[in-house]
1. Looking only at the stretch 202-226, count how many residues are open to solvent by less than 60 Å² (accessible area, probe 1.4 Å) and closer than 30 Å to Asp85 by Cβ.
2. Among the residues of the stretch 328-365, write down those that are open to solvent by 40 Å² or more (accessible area, probe 1.4 Å) and either of a type in the set (Val, Ile, Thr) or within 21 Å of Val50 (Cα to Cα) (or both).
3. I want to confirm something. Restricting to the stretch 52-63 and keeping residues that are out of contact with any Phe, Trp or Tyr (no Cβ under 9 Å at 6 or more places or on another chain) and crowded, with 19+ Cβ neighbours inside 10 Å, which single residue is nearest to Leu291 (Cα to Cα)?
4. Return the residues of the stretch 288-326 that are open to solvent by less than 40 Å² (accessible area, probe 1.4 Å), β-branched (Val, Ile, Thr) and part of a strand (DSSP E or B); say none if nothing qualifies.
5. Those residues that are part of a helix (DSSP H, G or I) and among the small types (Gly, Ala, Ser), I need them from the stretch 67-116; list them, please.
6. Output the qualifying pairs, or none if there are none: Cβ atoms under 9 angstrom, residues six or more apart or on different chains, first residue in the stretch 209-223 and closer than 20 Å to Ser121 by Cβ, second residue open to solvent by 40 Å² or more (accessible area, probe 1.4 Å) and among the basic types (Lys, Arg).
7. Could you count how many residues in the stretch 64-101 are without any contact (Cβ under 8 Å) to a residue 12 or more places away in the chain and either open to solvent by less than 30 Å² (accessible area, probe 1.4 Å) or within 30 Å of Ile338 (Cα to Cα) (or both)?
8. From the list Val370, Val407, which residue is in a strand (DSSP E or B) and either of a type outside the set (Phe, Trp, Tyr) or surrounded by fewer than 16 Cβ atoms within 10 Å (Cβ to Cβ) (or both)?
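The values are calculated or read from the model by the stated rules, or taken from the named source; none is laboratory data. Note that the coordinates shown come from a computational prediction; the quantities given were computed from them, not determined experimentally. A quick note on method: Cβ atoms are made from the backbone with ideal geometry, for glycine too, and the neighbour counts reach across all protein chains shown. Calculation scope for accessible area: heavy atoms of the full protein, side chains included, ligands and nucleic acids excluded. Shrake-Rupley method; radii C 1.70, N 1.55, O 1.52, S 1.80 Å.
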Amino acid sequence: MRRRLLHVSLVLVLVTVVGGTWWVLRPDDGTSAVADGTTTRTTTAQQGTVTTTIAAQGTLSSGKVTEVSFPVAGTVKAVKVAVGDSVTKGDTLGTIATDDLDDALDAAQEAVDEAAARVNSAKLEVTAANQSVSEAQDAYDDAVAAAKAAAKTAKASSTTTQRADDASGQPSTTQTTTQTTAPSKASITQAKAKVVTASSSLSSAQKAYAKAVATRDDAKAALDDATLTSPVTGVVTAVGGVVGQSTGSSSGGASTAAGGGSGTSTAFVTISSVTTMVVAASFDEADAAQLDVGQAATVTFPAVDDESAAATVTAVDPVGSSSGPVVTFGATITLDEIPDGVRLGQTASVTVVTAEATDVVTLPSQAVTVSGTSGTVTVQAADGTTATRTVEVGVQGDTATEIISGVDVGETVVISVDTSVGTTTTTNQRGQGSFSGFPGGGQMPSGSFPGGGMPGGN
């Protein structure tokens with residue numbers, strides 16, 4: 001019995017200690033301001049610029065890629081450049097064997113010489129034919145003159161005879177007979193026909209000569225093309241030529257592509273310009289809807305510290321590409337200047353300005369609750385009182401919002417009310433410090449004493 005009373009006494013002592021401790025440390029009604037744990041943050045409306053941007057990553061590439069190949073068929077004799085070499089316009093890139101080209105040029109020159117000889121011969125024939133026409137004309141003119149003279153003489157003789165008859169009264173027994181043959185133009189016609197024939201031969205010879213000269217010039221150009229030179233200044237980014245390789249004119253010449261060129265090039269040498277660089281970036285379809293050619297952009301380079309470049313959007317793909325449910329649109333951003341230390345192929349981060357308002361009233365975006373083109377803000381007066389005000393908003397930027405009307409520069413606006421999160425700390429009026437041992441700020445713990453509850457006493 002005494003033992004049971006001892007247990008009861010111990011329990012009562014424990015309850016008294018716990019209850020007394022809770023009473024001493026319990027929170028009072030006057031501590032709400034501290035327990036509240038709130039902090040009000042404000043800002044002042046400013047005059048400034050609001051911008052909206054979208055971002056993406058891409059790869060830095062040349063803005064102009066030129067693929068160069070031999071324009072004539074042949075066998076590669078030498079490759080003069082390697083990947084990474086810098087070249088200037090006119091530098092030799094490679095050569096092909098010229099034996100066949102030399103033979104072709106020699107044959108073409110012989111054909112030119114022969115054609116020139118035929119032209120000279122035809123010219124002589126034309127000169128001779130023209131001379132024949134002149135001689136035939138002279139002969140005709142002489143014949144005409146002789147005929148006229150004979151006719152005149154005959155007429156004079158006839159007149160004299162007639163006068164003699166009249167004087168004697170007797171007819172003359174002598175008769176003078178003169179036959180005049182009219183000159184013929186047949187010889188002139190025949191001579192002129194020879195001129196036409198000779199002129200035709202000359203024209204044919206001249207055409208043949210011109211064709212031979214063209215063939216000779218082509219052969220000479222082909223020989224010159226056996227040495228491949230760079231048409232541009234840049235960096236060699238690919239070399240497809242190998243000594244002993246056959247090259248053909250079907251893929252010859254130089255072709256230039258913007259923004260990277262072909263990924264499957266079969267060119268002898270590929271040269272990328274380092275004076276014009278672009279970033280090929282992909283934007284998700286929501287951001288791409290805000291893209292437009294001419295927008296300003298900024299490009300940074302993760303691998304190059306403290307370097308950035310102003311840029312411009314120069315192209316936007318009209319058709320998107322999809323990967324599963326994700327649709328993206330490609331865009332080309334051209335750098336205005338090339339920063340020091342950047343290299344082709346580097347990763348580039350692009351930020352494009354899609355909207356901008358300058359010299360406007362601005363507030364931090366978290367201070368404005370926006371719905372369409374209007375919104376609300378909480379304005380704080382000088383005495384600390386606050387009031388909700390409707391505002392008209394313009395450009396909604398990344399960190400700030402344009403306020404068209406409703407707030408003036410210099411007014412104070414509430415940004416947010418911050419509430420501390422975690423274990424509540426309360427301070428007792430009696431200045432006893434803090435206590436957080438009981439859940440709920442001082443309540444007695446749930447559960448039971450050993451044995452299922454407080455011991456009873458009998």
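1. Residues meeting the conditions: 5.
2. Taking the stretch 328-365 as the starting set, the residues that turn out to be open to solvent by 40 Å² or more (accessible area, probe 1.4 Å) are 329, 332, 336-338, 340-341, 343-345, 347, 351, 353, 356, 358-359.
Passing the criteria: Thr332, Ile338, Thr347, Thr351, Val353, Glu356, Thr358, Asp359.
3. Within the stretch 52-63, the match that is nearest to Leu291 (Cα to Cα) is Thr53.
4. Across the stretch 288-326, the qualifying residues are Val299, Val313.
5. Passing the criteria: Ala104, Ala107, Ala108, Ala111, Ala115, Ala116.
6. Correct list of pairs: Tyr209/Arg118.
7. 0
8. Only one candidate passes the filter, namely Val370.
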